[in-house]
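The values are calculated or read from the model by the stated rules, or taken from the named source; none is laboratory data. Worth saying up front: this structure is predicted, and the values here are computed from it rather than measured. Ideal geometry is used to build each Cβ from the backbone, glycine not excepted, and the neighbour counts take in all protein chains shown. Surface accessibility is based on the protein's heavy atoms, side chains included, excluding ligands, DNA and RNA. Shrake-Rupley method; radii C 1.70, N 1.55, O 1.52, S 1.80 Å.
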Amino acid sequence: MTDTDARLGDLLWTRGYTDPGWIRRFTSAGRELSPSRRVWRGPGPARTLPAEPAGLDTLDLGLGGTTATLPDLFATAQTDAFLVLHRGVVVHEAYPHGGAPHVPHFNASAAKSYLGLLAAMLAHEGLLDRSARTDAYVPELAGTAFGEARVEDLLHMGTQVSYAGRPYDKAIEAQRYHAVIAPQLRPFGYSGPGTIREHLLTARATGAPGTEFRYENGNVEALAEVLRRVTGVSTSALLGELIWSRIGAEEDAYYVLDSEGVEAACGGFSATARDVARLGEMLRCGGAVGSRQVVPEEVVTSITAAVPDGYPRRVRFPAAPPTAPATLSYHDLWWIPNDPYGSYMASGIHGQRLFVSPGLDLVVVHFGSQVISPSVPVAPFVRVFLRIGAYLAGLG
């Protein structure tokens, strides 16, 4: 495997929705296209982000061949926002397509990791049993692939599933999921599920849970429903109460909703680059914002240290040739590059990234609108982030 990013499981090629102009309109105006619910920033003041530009625009990113700089990456990746924190200081911030610091952007599947963090916090407090079957929390899912799986399986994409009797195809199922939550994206004559709940009820197991990694949105939606049953509050309220209102966020975030008013937890979240950076900085600091512990330190350290038995320590995707070494791990809905710096990442389609590297004192947020197609190379985000971190840390 020559590039970690080329193997990321959430590069779901949603056929028919690859025009960057359409993507950008969706990322900046999600609330105008679908119902939404805010994630409240809380009553307190925003956490100040001091700035000290480090001149990264001219840094050679070391991608081989000709010299490549951040402006080159921005053009290749159709970048909408790019923010770098080093030791809590903003050393680079850019909005190449006319965005602004206060404008929320679609996070896509990076939102999965935020939900994984909530689940890990509840489990740490003894409110959620990872070993329990999902249908113990959501009885309606009994007999479905997700109901028969453990909470642990949902957190690690450990189910094998087909929907409504269809042979499983990742791209088709991505389209089907979009049709469930956004009626305007439904093809003519669509007669399938109209809500996330109805969609999950059509899932049937095609293999034993906990035996194979298969990146699938339904795991996250089933997990979100488990958390709603455990806490009695919506996904938006839970994220707001436990995290968003405690990190010094500057703006409310929001989730888009299905027709029953249920959050699209696997990818319907939008927030500003600055506030996502604040989330990452809290994690880099062991779950703390100043003297306030927001996330238990044990939960933060477990992201890279607690890949459970029974799941592959390293993940290989179908796109990788059989001889390619696998370089990624996956734990609690976070991607782990297995670099020397203890880094981990939330990742979403079209170039959404939150990269946290404790060993490099680094947090990077990238939002993009990159076309996803076999004919368009994937921008090498992880290599770029590590190159920037090494430069800022004086390692070369």
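Quick check: anything in segment 359-380 open to solvent by 10 Å² or more (accessible area, probe 1.4 Å), outside any loop (DSSP other than H, G, I, E, B) and in contact (Cβ under 8 Å) with a residue 60 or more places away in the chain?
There is no residue in segment 359-380 that is open to solvent by 10 Å² or more (accessible area, probe 1.4 Å), outside any loop (DSSP other than H, G, I, E, B) and in contact (Cβ under 8 Å) with a residue 60 or more places away in the chain.
What is the one condition in (1) touching a strand residue (DSSP E or B) at 6+ places or on another chain (Cβ under 7 Å); (2) assigned to a helix (DSSP H, G or I); (3) over 21 Å from ALA149 (Cα atoms) that GLU241 does not satisfy?
Tallying (1) touching a strand residue (DSSP E or B) at 6+ places or on another chain (Cβ under 7 Å); (2) assigned to a helix (DSSP H, G or I); (3) over 21 Å from ALA149 (Cα atoms), GLU241 fails exactly one: (1).
Listed residues GLU216, GLU212, GLU225; which is acidic (Asp, Glu), farther than 17 Å from ALA110 by Cβ and either open to solvent by less than 50 Å² (accessible area, probe 1.4 Å) or touching a Lys or Arg at 6+ places or on another chain (Cβ under 6 Å) (or both)? Can you show your working first?
Working: GLU216 fails: farther than 17 Å from ALA110 by Cβ; GLU212 fails: either open to solvent by less than 50 Å² (accessible area, probe 1.4 Å) or touching a Lys or Arg at 6+ places or on another chain (Cβ under 6 Å) (or both).
None of the other options fit; the residue is GLU225.
Could you give every pair whose Cβ atoms fall below 7 Å, whose first residue belongs to segment 48-67 and is touching a residue at least 60 places away in the same chain (Cβ under 8 Å), and whose second residue is part of a loop (DSSP other than H, G, I, E, B), counting only separations of at least 6 or pairs across chains?
From residues that are touching a residue at least 60 places away in the same chain (Cβ under 8 Å), the pairs are LEU59/THR69; LEU61/ALA68; LEU61/THR69; LEU63/PRO380.
Search segment 129-142 for residues being out of contact with any Leu (no Cβ under 8 Å at 6 or more places or on another chain) and open to solvent by 40 Å² or more (accessible area, probe 1.4 Å), and hand back the single one that is nearest to HIS199 (Cα to Cα).
So, considering only residues that are out of contact with any Leu (no Cβ under 8 Å at 6 or more places or on another chain) and open to solvent by 40 Å² or more (accessible area, probe 1.4 Å), the one nearest to HIS199 (Cα to Cα) is ALA142.
Would it be correct to say that PRO101 is surrounded by 14 or more Cβ atoms within 10 Å (Cβ to Cβ), at pLDDT below 95 and not in a strand (DSSP E or B)? Quick ask: steps written out before the conclusion?
Details: surrounded by 14 or more Cβ atoms within 10 Å (Cβ to Cβ): yes; at pLDDT below 95: no; not in a strand (DSSP E or B): yes.
In short, no.
Please give the helices (runs of 4 or more DSSP H) falling wholly within segment 9-78 in which 2 or more residues are at pLDDT 65 or above and open to solvent by 60 Å² or more (accessible area, probe 1.4 Å).
30-33, 70-76
Within segment 180-200, take every residue that is assigned to a helix (DSSP H, G or I) and modelled with pLDDT under 95 and give me the one that is farthest from GLY143 (Cα to Cα).
Residue satisfying both the conditions and the ranking: GLN184.
Would you point out the residue of segment 307-346, among those that are over 19 Å from the mean Cα position of the chain (by Cα) and of a type in the set (A, V, I, L, M), that is modelled with the lowest pLDDT?
ALA319
Test PRO187 against the stated conditions and say whether it is surrounded by fewer than 20 Cβ atoms within 10 Å (Cβ to Cβ), in contact (Cβ under 8 Å) with a residue 60 or more places away in the chain and not acidic (Asp, Glu).
On the way: surrounded by fewer than 20 Cβ atoms within 10 Å (Cβ to Cβ): yes; in contact (Cβ under 8 Å) with a residue 60 or more places away in the chain: no; not acidic (Asp, Glu): yes.
The answer is no for PRO187.
Buried (at least 21 other Cβ atoms within 10 Å of the Cβ), aliphatic (A, V, I, L, M) and in a helix (DSSP H, G or I): is that true of LEU354 in this structure?
Values: buried (at least 21 other Cβ atoms within 10 Å of the Cβ): yes; aliphatic (A, V, I, L, M): yes; in a helix (DSSP H, G or I): no.
It is false that LEU354 is buried (at least 21 other Cβ atoms within 10 Å of the Cβ), aliphatic (A, V, I, L, M) and in a helix (DSSP H, G or I).
Look through segment 156-171, keep the residues that are at pLDDT 90 or above and out of contact with any Pro (no Cβ under 9 Å at 6 or more places or on another chain), and return whichever of them is most open to solvent (accessible area, probe 1.4 Å). Please lay out each step first, then the result.
Start the filter on segment 156-171 by keeping residues that are at pLDDT 90 or above, which leaves 156-169.
Cutting the leftovers down to out of contact with any Pro (no Cβ under 9 Å at 6 or more places or on another chain) gives us 157, 161-162, 165-169.
Details: MET157: 0, VAL161: 0, SER162: 18, GLY165: 72, ARG166: 54, PRO167: 115, TYR168: 59, ASP169: 54 Å².
Among residues in segment 156-171 that are at pLDDT 90 or above and out of contact with any Pro (no Cβ under 9 Å at 6 or more places or on another chain), the one most open to solvent (accessible area, probe 1.4 Å) is PRO167.
Does THR202 meet the test of being touching a residue at least 12 places away in the same chain (Cβ under 8 Å), more than 17 Å from the chain's Cα centre (by Cα), on the phi < 0 side of the Ramachandran plot and open to solvent by 60 Å² or more (accessible area, probe 1.4 Å)?
No.
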